[in-house]
Amino acid sequence: MSKKILIISGPTATGKTDLAIKFAKKFNGVLISADSRQIYRDMDIGTGKDHPKSFKINLVDLITPDLSFSVAQYQKLALQKITEIHSQNKLPIIVGGTGQYIDSIVNPNKSTYSIRPNIFLRFFLNKLSTSTLQKIYRILDKKTFNSLNNSEKHNPHRLTRKIEIKLSTIKNIAPLPQGGVPEGRGGFNILHLSLTAPTSFLYPRIDSRVQKRLDTGLLDEIKNLLTKYSWSDPGLNTLAYKEFKDYFNKSAGTASLLKETQKIWAFDEHSYARRQITWFKKQKEIHFIDITELNHVDHTIDVVKKWYNLS
RNA sequence: GCCGAAGUAGCCAAGAUGGUCACGGCACUGGUCUGAAAAACCUGGGAUAUUGGUUCGAGUCCAAUCUUCGGCA
């Protein structure tokens, strides 16, 4: 019998967490978050940690907002957690909207995950223009450079990472053994459910959630964060926070500026949802669940039951 | 009712002296992604209020109509 993992993904505002909690209760499950922002402490309202406090979700509130975090770290922790949960004979349920994090569990053997970021190198590369980065990478690896698509070619983050990888292999820096990414770890038996909805349904939902978060005290939360951290800290480069930089910097934090900021924030959430939809759409072996369909919850429970009881 | 100003995509908006069927931004659409992923990028469609006139040629000039704003009543 293979080890089961239930995954519940989908764009923002589709009700992933509620559904996951439901399944956890029904199937003796333990939740693991796959959310790149809820790992930050002190960032609760903006990142939507609105599940009942009585219900434990793993891999939330791991670090402070001045620290950075990445897939590889997530992968290590999540796989550990999964092992632990399996050993208790329980069902790990991964919930979240960070597609890349979920992918690191579904397809754990990505070779470059073992190549660590080179802080020193990035410090310099971050100062260079995109075209300079292109030139550097073209010198290092002309063949791969030419095969890049337009999107990759203009993306400074990706170029920086490619240079980093190339340099580390040239210099033959042995990838540090990561531990926790066991090779041939035995395939999991994964059921991946992904919630979806047309954007016309999602956008109004997002908008009212934005309003709700403001009403619940987001501004106070940010004010409090700013006493300890600064806008350049990695955690603050997050939807629901970064949009407010101007608002808090300008002395005249007027009502009209607040309104404008709220609008921009909502639009950012829209395009975030779009990106998530694009990502999940191309993933293999996913059960999509349209939450605008009336019986989707019952239907979903049936699907999970069948999978859970088989094998 | 009179006088004045203005009408360029869903919104904002550029367009000396008329001359490539019109710059951008936002929104919206589709996509990229192997240690920043709620990040960072790529891509697409859509407009000169209406009608008529002047002209080889009009967003740009003229007239009428409609609409909006301001002032006077």
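Computed from the coordinates by the stated procedures, all read-outs in this text should not be read as laboratory data. Everything numeric in this text was worked out from a predicted model, so none of it was measured. When we count neighbours, we look across all protein chains shown, and the Cβ atoms used for this are built from the backbone with ideal geometry, even at glycine.
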_Could you work out [θ]222 nm for chain A from helices alone, using -39500 (n - 2.57) per DSSP H run of at least four and dividing by all its residues? Round to the nearest 500 deg cm²/dmol._
-15000 deg cm²/dmol
*Give the longest segment of chain A that steers clear of trypsin sites (Lys or Arg not before Pro) in DSSP loops with at most 12 neighbouring Cβ atoms within 10 Å, not counting the sites themselves.*
A:172-249
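Using the Cα gyration tensor of chain A, with a ≥ b ≥ c the square roots of its eigenvalues, what is the shape: rounded (a/c below 1.5), prolate (a/b larger than b/c) or oblate (neither)?
Details: a/c = 1.67, a/b = 1.07, b/c = 1.55.
In terms of gyration-tensor shape, oblate.
Just to be sure I follow the definition: excluding the sites themselves, where is the longest run in chain A that has none of the chymotrypsin sites (Phe, Trp or Tyr not before Pro) in a DSSP loop with at most 15 other Cβ atoms within 10 Å?
Values: sites that count: A:F55, A:W231.
Between the exposed loop sites, the longest stretch runs A:56-230.
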*Taking a threshold of 31 Å on the Cα-Cα distance, which of the pairs A:K49/A:K284; A:K162/A:K263; A:K284/A:K306; A:K143/A:K284; A:K76/A:K162 fall above it?*
A:K162/A:K263
*Label A:K282 and A:N224 with points 7 Å out from Cα along Cα→Cβ: what is the distance between them in nm?*
4.0 nm
*So if R0 is 22 Å, what FRET efficiency would A:W231 and A:K110 give, r being the distance between their Cβ atoms, rounded to the nearest 0.05?*
0.10
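Can you tell me, using C-alpha contacts under 8 Å and at least 6 residues apart, the relative contact order of segment A:185-311 as a whole percent? Intermediate results must be reported in sequence, preceding the final value.
On the way: 60 pairs, mean separation 61.0, N = 127.
Reported relative contact order: 48 percent.
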_Report the Cα centroid-to-centroid distance between segment A:214-290 and segment A:34-90 in angstrom, as an integer._
19 Å
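Can you give the relative contact order of chain A as a percent, counting alpha carbon pairs under 8 Å and 6+ residues apart? Don't skip to the end; give the middle numbers.
Working: 370 pairs, mean separation 88.7, N = 311.
Once normalised by length, the contact order is 29 percent.
Using DSSP to call loops (not H, G, I, E or B), can you name the GluC sites (Glu not before Pro) in segment A:204-311 whose Cβ has at most 14 other Cβ atoms within 10 angstrom?
Details: sites: A:E221, A:E243, A:E260, A:E269, A:E285, A:E293; in loops: A:E285, A:E293.
Answer by residue number: A:E285, A:E293.
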